[in-house]
2 protein chains.
Amino acid sequence: MESRRDVFQAIADPTRRAIIMLLAVSAMTPNGLAEHFNSSRQAVSKHLQILTECEVVKPESRGREIVYHLNNHKMQEIEKWLEQFKQLMAKRFDQLDNVLNKLQNLKK
Amino acid sequence: MESRRDVFQAIADPTRRAIIMLLAVSAMTPNGLAEHFNSSRQAVSKHLQILTECEVVKPESRGREIVYHLNNHKMQEIEKWLEQFKQLMAKRFDQLDNVLNKLQNLKK
DNA sequence: TCCATATGCAACTATTTGATTGCAAATATA
DNA sequence: TATATTTGCAATCAAATAGTTGCATATGGA
C-alpha cells in the first residue's frame, strides 16, 4: 500500500469512485461518508488516505472533525489523458477516411 | 487475476494505458506491441488478456497472427463516468454561486 | 513434411490491495 | 475535570496483481 499513487489508481476501486462522487456533491467527514457504505469506517478512512496521497482529495481540520474536499484539478488529469486518447482515435479515423476516399476515387 | 474486470481496472496500470494508446493509433499483434516495452512478451500478453476480458480490446485472428483492435465503445464508459462527475461538480458550483449571490444581495 | 514463428496457457513468486480489529490522540461537551 | 466523539495509525490477513519461466499449439514457408 505504498506505490503507484496516481489518479488512475484512485478511480480503479468502485468504493473510491463512489466516495469521489459523494465529495463532488459536497465536502464531508469520514464518518459522514462511512454512513453511505457497508464497510467499516476504517476501510473508508483508508480509501481517504489513498485519495489524499494522490491528491484527489484534501483534508481540512475543523475542530475534532476533518472535512474532506475534492481536488477537481487532479481529476482533470483523467480528462486530459482521455482527450489525448480521443485525439489519437480521431486521427486514426481521419486516416481511414483517407483510405475510403481513395477507394472512392478509384471507382470514379 | 480473476475479478473486478472493468474499464477502470483496465486503465489503472500504466503499461495497459500505453497499450491502449498504441492500439488507438493502429491495431497491432502482441509481438508488435511487446517491442515497445521492456517487459517480456508474456507480460504484454497477460495485459492483453485482461483488456480482452473487460472488452477494451478485441482479438482478430489472421493466420498465425492475432491482431488486437481497440473497442472505442468501452472506452466511452470512462468518459460517461467523468461526465457524471463533472455535472455534479457543476451543480455544486451553481449552489456556491447561489450562496455568493445571496451574500451579494445582503450587501446591497 | 520439417522447422521457424506467433501466440496462449500453466505454474510459481513477490508485492500490493482491501478489509478487519484494536488502540491512541485530539477535541468537544457535561 | 471526566467522558464521549471523531479520527488516524498499526498489525494482521486473504485475495488479487504483475511479472517471470517453461511448455503446448497452430500456422506459414522451405
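Relative contact order for chain A: what percent, with Cα pairs under 8 Å and sequence separation of 6 or more?
About 25 percent, as a whole number.
Taking the 0 to 90 degree range and rounding to the nearest ten, how far is the long axis of helix A:72-107 tilted relative to the main principal axis of chain A, both from C-alpha atoms?
For A:72-107 against chain A, the angle is about 10 degrees.
Could you state the principal axis extents of the C-alpha atoms in the protein assembly as shown, from the largest down, to the nearest angstrom?
Result for the protein assembly as shown: principal-axis Cα extents of 72, 45, 27 Å.
Could you state the principal axis extents of the C-alpha atoms in the range B:1-74, from the largest down, to the nearest angstrom?
Computed over the range B:1-74, the largest-to-smallest principal extents equal 31, 27, 23 Å.
Nearest 10 degrees is fine. How inclined is helix A:14-25 to the longest principal axis of chain A, computing both from alpha carbons?
80 degrees
Ranked by Cβ crowding within 10 angstrom, fewest neighbours first, how are A:6, B:94 ordered?
B:94, A:6
Compute the angle between helix B:41-53 and the longest alpha-carbon principal axis of chain B, please, reported from 0 to 90 degrees and rounded to the nearest 10.
It is inclined by approximately 50 degrees.
Check chain B and count each lysine pair with an alpha-carbon distance under 25 angstrom, considering only pairs eight or more places apart or from different chains.
Counting lysine pairs in chain B gives 9.
Test of the criteria: in the range B:27-108, which GluC sites (Glu not before Pro) are in a DSSP loop and have at most 12 other Cβ atoms within 10 angstrom of their Cβ? Present the calculation step by step, with values, prior to reporting the outcome.
On the way: sites: B:35, B:53, B:55, B:60, B:65, B:77, B:79, B:83; in loops: B:35, B:55.
The qualifying sites are B:35.
From the convex hull of the Cα coordinates of the range B:38-77, what is the mean projected area in square nanometres?
With the hull built on Cα positions only, its mean projection is 3.3 nm².
If you take each beta carbon of peptide B:87-94 and count the beta carbons of other chains within 10 angstrom, what is the mean?
Taking all residues of B:87-94 together, the mean is 3.
Mind telling me which of B:95, B:87, B:76 comes out most flexible in a GNM of chain B, alpha-carbon contacts under 10 Å?
In the Gaussian network model the winner is B:95.
Values in this text are rule-based calculations from the coordinates and carry no lab data. Predicted model, so just to flag it, every value in this text is computed and none were measured. Don't worry about glycine lacking a Cβ; one is built from the backbone with ideal geometry, like all the others, and counts go over all protein chains shown.
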